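Visitor: One structure, pasted below without further comment.
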Amino acid sequence: MKNIPFFNYPALFEQRENEYLEVVHDVLKRGAYIMQSELFDFEIQLADHLSVKHAIGVADGTMALLISLKAAGVGAGDEVIVPSHTFVASAAAISHTGATPVLVECGQDHLIDSVSVQSAITEKTKAIMPVQLNGRVANMDPILAIAKKYGLLIVEDSCQALGAKFNNRYAGTFGVAGTFSFFPAKTLGCFGDGGGIITDDSEIADKVKLIRDHGRCPIDGKAKLYGFNGRLDNLHAAILGFKLKYYDEDIARRRSLALIYQECLEGLDTLLLPPAPNSDPRHFDVFQNYEIEAVNRDALRKFLEKNGVGTILQWGGYALHQFPDLGLNNDLPYTEAMTKKFMLLPMHPMLKDEDVLHICGLIEQFYENNC
């Protein structure tokens with residue numbers, strides 16, 4: 001039986017093992033652990049890659065969100081609109097500023113729904129947090145129009161969308177700041193936790209640099225405000241800087257795999273697939289995940305597992321409105337229905353074409369026998 005795990009963590013290292021060991025050896029031999037040249041070099045590389053003025057490495061994706069919100073002035077008494085279909089960190093970052101997360105629906109592409117955003121605005125609304133999921137950027141035109149109309153900030157949770165574009169603009173560049181996660185399974189991942197913030201606003205960038213390092217001024221070392229120990233470790237930055245050289249190659253591989261999924265599965269009316277590569281010239285998707293909706297989902301997952309194929313339900317299968325202990329608004333019928341059908345198929349550049357073809361064949365077999 002062919003074994004295809006959802007994500008192959010050992011293969012992530014084995015892919016370029018000798019080069020990674022050289023990078024690690026160089027950093028460790030010099031004792032270059034915290035905020036050394038590798039971090040600053042990676043920040044320059046990332047800013048150049050995404051055509052922005054500033055990129056700042058931070059400890060993880062959650063810290064990237066929290067620091068960005070605080071640097072933008074979000075705080076107690078404010079409301080921030082965020083889709084319910086996201087990781088709990090999106091809402092947690094909002095809450096930790098003292099603001100209140102206000103949940104809205106996603107659309108058929110599983111990204112923030114602009115009509116729901118419009119209906120959620122109150123006099124307390126300070127910002128909108130679009131979550132650019134699965135390697136795709138939402139249709140930002142109506143979101144930008146709403147933000148302009150009501151004078152709202154946009155802080156993007158683009159942790160799953162580094163390099164994705166809408167109308168030739170990169171994820172993370174539509175508001176005052178954009179955030180990324182460098183968790184190992186991300187399209188650009190280190191071997192632990194890591195995160196980044198991008199912005200074209202120099203004032204925001206300066207505040208971010210203060211907040212990530214205990215509020216200390218990098219020039220005189222004096223604390224200017226209360227911050228966090230939110231720095232990106234130098235070893236992780238060195239790994240990320242090395243991996244960024246291969247990023248476009250890895251994304252091309254993901255898009256190629258997504259096309260195989262599309263061509264094999266598009267005829268099944270029991271599935272809702274993500275938009276195919278090049279299906280809409282406004283979008284360039286990097287396919288962080290391959291998230292589908294499936295009829296008889298739970299049985300399909302059990303069948304795939306029995307046949308050696310790993311799948312997962314993103315965030316355990318829950319949207320934020322389904323966590324009653326958090327006390328968030330929960331009248332979101334579209335998202336509620338979607339959570340009963342959504343699932344992730346394997347998607348990473350270490351997969352072979354025949355792996356994806358095998359997965360598709362099993363899915364077709366399941367529906368032939370169960371529909």
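The values are calculated or read from the model by the stated rules, or taken from the named source; none is laboratory data. As the structure is a computational prediction, the values presented were derived from the model and not from experiment. Because the Cβ atoms are built from the backbone with ideal geometry, glycine has one as well, and the counts that use them run over all protein chains shown. To get the accessible areas, we keep the full protein, side chains included, count just its heavy atoms, and leave off ligands, DNA and RNA. Shrake-Rupley method; radii C 1.70, N 1.55, O 1.52, S 1.80 Å.
Visitor: Only one of these is out of contact with any helix residue (DSSP H, G or I) (no Cβ under 6 Å at 6 or more places or on another chain), under 23 Å from Asn134 (Cα atoms), modelled with pLDDT of 95 or more and of a type in the set (Val, Ile, Thr): Val115, Val80. Name it.
Guide: Val115
Visitor: Pick from the range 269-298 the residues that are hydrophobic (A, V, I, L, M, F, W, C) and assigned to a loop (DSSP other than H, G, I, E, B): which of them is nearest to Pro346 (Cα to Cα)?
Guide: This residue is Phe287.
Visitor: Where residues in the range 8-21 are closer than 16 Å to Tyr246 by Cα and either without any contact (Cβ under 8 Å) to a residue 60 or more places away in the chain or not in a loop (DSSP other than H, G, I, E, B) (or both), which of them is farthest from the chain's Cα centre (by Cα)?
Guide: Asn18
Visitor: Let me ask something additional. Listed residues Val74, Val24, Val58; which is open to solvent by less than 50 Å² (accessible area, probe 1.4 Å), among the hydrophobic types (A, V, I, L, M, F, W, C), farther than 28 Å from Asp157 by Cα and in contact (Cβ under 8 Å) with a residue 12 or more places away in the chain?
Guide: Just one listed residue meets the conditions, Val24.
Visitor: Also, I was wondering about something else. Every residue in the range 328-354 that is of a type in the set (Phe, Trp, Tyr) and touching a His at 6+ places or on another chain (Cβ under 8 Å), please.
Guide: Hit for the range 328-354 is Phe342, nothing else.
Visitor: Could you list all residues from the range 139-157 that are in a helix (DSSP H, G or I) and of a type outside the set (Asp, Glu)?
Guide: Hits for the range 139-157 are Met140, Pro142, Ile143, Leu144, Ala145, Ile146, Ala147, Lys148, Lys149, Tyr150.
Visitor: Is it the case, given these coordinates, that Lys224 is closer than 15 Å to Phe42 by Cα and of a type in the set (Lys, Arg)?
Guide: Criteria not met by Lys224.
Visitor: Follow-up. Is it fair to say Asp248 is buried (at least 19 other Cβ atoms within 10 Å of the Cβ) and of a type outside the set (Phe, Trp, Tyr)?
Guide: So Asp248 does not fit the description; no.
Visitor: Please state which one of Asn296, Asn278, Asn289 is modelled with pLDDT under 95 and either open to solvent by 60 Å² or more (accessible area, probe 1.4 Å) or not small (Gly, Ala, Ser) (or both).
Guide: None of the other options fit; the residue is Asn278.
Visitor: On to the next question. Taking Ile260 and the conditions (1) buried (at least 20 other Cβ atoms within 10 Å of the Cβ); (2) in contact with a helix residue (DSSP H, G or I) (Cβ under 8 Å, 6 or more places away or on another chain), which numbered condition does it fall short on, given that it satisfies the others?
Guide: (1)
Visitor: Continuing with the same structure: Restricting the search to the range 30-53, which residues are open to solvent by less than 40 Å² (accessible area, probe 1.4 Å) and not in a loop (DSSP other than H, G, I, E, B)?
Guide: Correct list: Glu38, Leu39, Phe42, Glu43, Leu46, Ala47.
Visitor: Scanning for something of a type in the set (Ser, Thr, Tyr), at pLDDT 95 or above and farther than 23 Å from Lys186 by Cα, does the range 100-112 turn up at least one residue?
Guide: yes
Visitor: Evaluate the following for Leu273: is it within 25 Å of Asn3 (Cα to Cα) and touching a residue at least 60 places away in the same chain (Cβ under 8 Å)?
Guide: no
For (1) open to solvent by less than 20 Å² (accessible area, probe 1.4 Å); (2) farther than 15 Å from Leu65 by Cβ, each residue gets a yes or a no:
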| site | (1), (2) |
| --- | --- |
| Gly175 | no, no |
| Phe183 | no, no |
| Asp201 | no, yes |
| Asp206 | no, yes |
| Arg212 | yes, no |
| Gly215 | yes, yes |
| Tyr226 | no, yes |
| Ile239 | yes, yes |
| Lys243 | yes, yes |
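Visitor: Do you know which of the residues in the range 265-275 that are surrounded by fewer than 18 Cβ atoms within 10 Å (Cβ to Cβ) and more than 21 Å from Thr335 (Cβ to Cβ) is nearest to the chain's Cα centre (by Cα)?
Guide: Here the answer is Glu266.
Visitor: Also, I was wondering about something else. Residues to consider are Ala47, Ala64; find the one that is within 24 Å of His96 (Cβ to Cβ) and not acidic (Asp, Glu).
Guide: Ala64
Visitor: Residues that are open to solvent by 20 Å² or more (accessible area, probe 1.4 Å), touching a strand residue (DSSP E or B) at 6+ places or on another chain (Cβ under 9 Å) and within 20 Å of Ser68 (Cα to Cα): does the range 107-121 have at least one?
Guide: Scanning the range 107-121, I find no residue that is open to solvent by 20 Å² or more (accessible area, probe 1.4 Å), touching a strand residue (DSSP E or B) at 6+ places or on another chain (Cβ under 9 Å) and within 20 Å of Ser68 (Cα to Cα), so the answer is no.
Visitor: Under the condition of being in a loop (DSSP other than H, G, I, E, B) and of a type in the set (Phe, Trp, Tyr), which residue from the range 313-330 is least open to solvent (accessible area, probe 1.4 Å)?
Guide: Ranking the qualifying residues of the range 313-330, first place goes to Phe323.
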